[in-house]
Amino acid sequence: MTSTATDVAPRRAAGDGATTPSPRPARRGRSLRFERIAQLLFLLPAVLFLVLFFGYPVVKNIVMSFQAYTTSTFYTGEAPWVGLSNYVSVVSSQLFSTALLNTALFTIGSIVGQFVLGLLLALFFRRNFPLSGLLRSLLLLPWLLPLIVSSAVWKWMLDQDSGVVNQFLGIFGIGSVPWLTSPAVALITVIGVNIWIGIPFNTTILYGGLQDIPTELYEAAALDGATGWKAFWSITWPMLRPVVSVTLVLGVVYTIKVLDIILGLTNGGPANATQTIATQSYDLSFKQFDFGQGAALSNILIVISALFAIVYLRLNRKAIDD
């Protein structure tokens, strides 16, 4: 009895006999709050960067598309609200259908060429052979060069009279090809140059995905006689599908807004044969100085990109679940 009373006594509060609460939960709570505040402070610079350099331009572009925003706005500050007038004007123009078709052809042709060649190169470099690392490094050069530099070099190479490509074809008796001056050939030429630029990106991403596939799967499949194309369709492609989804979505979002290459090679010509929605938006904004219509056209391009990404990812997710 004496020892029990002695043990309880220190825990008694003076006067009313209540026990003294332990300070540990309060300290733990303050520590968690401090940690949460520290995490938010570390995230704050990234959030501010996104808001200032991504969020504000997007919101400003949306607002501008509903205004009569011209060069006079910079002096007067007045941009009358015109509602959907800018969207109606750009969609009803004769050039919009041509630009939309060229955008679709340019995007589909570029993505198919980049992905197929990139996948073949990724499968090739998966084999260990001498200088494979050096060749993979050299393959990145087209991707590292500024687009305007690449387009300038290709424009010189594809010149109808003095270009090195036509000079090379002349050795085999092939006549001079108007790569950039013929409406029938210009779009194909621009697509080819864009494929050359995009191959390194596809190869790098797909090669990384191939490296994550366990070799034990191929060894087990080989015991059952599944080699070559059988192994590719039964092991490689299913395991690579998530990487393929990312590659295709990023490729479309990037390709659909390509501007530098087309401006550097053909400037949208000849006869609007290579005019896309991106180049038309550029012309409206920085040649005709109708920033409202240019913003409207660029917003249409953003919506098309977002719709493609959403639809493709949902279809791919459904295919994986099935």
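Pull up region 78-87, narrow it to residues that are more than 21 Å from Thr279 (Cβ to Cβ) and not in a loop (DSSP other than H, G, I, E, B), then point me to the one that is most open to solvent (accessible area, probe 1.4 Å).
Trp81
Scan region 196-238 for residues that are within 30 Å of Phe106 (Cα to Cα) and either in contact (Cβ under 8 Å) with a residue 12 or more places away in the chain or open to solvent by less than 70 Å² (accessible area, probe 1.4 Å) (or both) and the total you get is 19. Residue pairs whose Cβ atoms lie under 7 Å apart, sitting 6 or more positions apart in sequence or on different chains, and linking a residue in region 160-171 that is touching a residue at least 40 places away in the same chain (Cβ under 8 Å) and assigned to a loop (DSSP other than H, G, I, E, B) to a partner that is open to solvent by 40 Å² or more (accessible area, probe 1.4 Å) and among the charged types (D, E, K, R), do not occur here. For Ile174, the criteria (1) in contact (Cβ under 8 Å) with a residue 60 or more places away in the chain; (2) over 22 Å from the mean Cα position of the chain (by Cα) hold in every case but one, which is (1). Answer yes or no: is there a residue in region 186-194 that is open to solvent by 50 Å² or more (accessible area, probe 1.4 Å), among the aliphatic types (A, V, I, L, M), farther than 30 Å from Thr236 by Cα and part of a loop (DSSP other than H, G, I, E, B). The answer is no, given that none of the residues of region 186-194 is open to solvent by 50 Å² or more (accessible area, probe 1.4 Å), among the aliphatic types (A, V, I, L, M), farther than 30 Å from Thr236 by Cα and part of a loop (DSSP other than H, G, I, E, B). Figure legend. Inter-residue proximity from region 111-135: first residues assigned to a loop (DSSP other than H, G, I, E, B), second residues surrounded by 13 or more Cβ atoms within 10 Å (Cβ to Cβ), beta-carbon distance below 8 Å, spacing 6+ or different chains. Indicated pairs: Arg126/Tyr207; Arg126/Leu210. What are the residues in region 59-77 that are of a type in the set (Val, Ile, Thr) and exposed (fewer than 11 other Cβ atoms within 10 Å of the Cβ), if any? Result: Thr71, Thr76. Restricting attention to region 146-185, the residues that are under 28 Å from Phe125 (Cβ atoms) and crowded, with 20+ Cβ neighbours inside 10 Å total 3.
Which one of these is open to solvent by less than 30 Å² (accessible area, probe 1.4 Å) and either under 17 Å from Gln275 (Cβ atoms) or touching a Leu at 6+ places or on another chain (Cβ under 7 Å) (or both): Ser132, Ser110, Ser92, Ser97? If you could, list the steps in order and put the result at the bottom.
On the way: Ser132 fails: either under 17 Å from Gln275 (Cβ atoms) or touching a Leu at 6+ places or on another chain (Cβ under 7 Å) (or both); Ser92 fails: open to solvent by less than 30 Å² (accessible area, probe 1.4 Å); Ser97 fails: open to solvent by less than 30 Å² (accessible area, probe 1.4 Å).
Of the residues listed, the single one that is open to solvent by less than 30 Å² (accessible area, probe 1.4 Å) and either under 17 Å from Gln275 (Cβ atoms) or touching a Leu at 6+ places or on another chain (Cβ under 7 Å) (or both) is Ser110.
The values are calculated or read from the model by the stated rules, or taken from the named source; none is laboratory data. This structure is a prediction, so every number in the text was calculated from the model and none was measured. Neighbour counts run over all protein chains shown; Cβ positions are idealised from the backbone, glycine included. The area values use the complete protein model at the heavy-atom level, side chains included, leaving out ligands, DNA and RNA. Shrake-Rupley method; radii C 1.70, N 1.55, O 1.52, S 1.80 Å.
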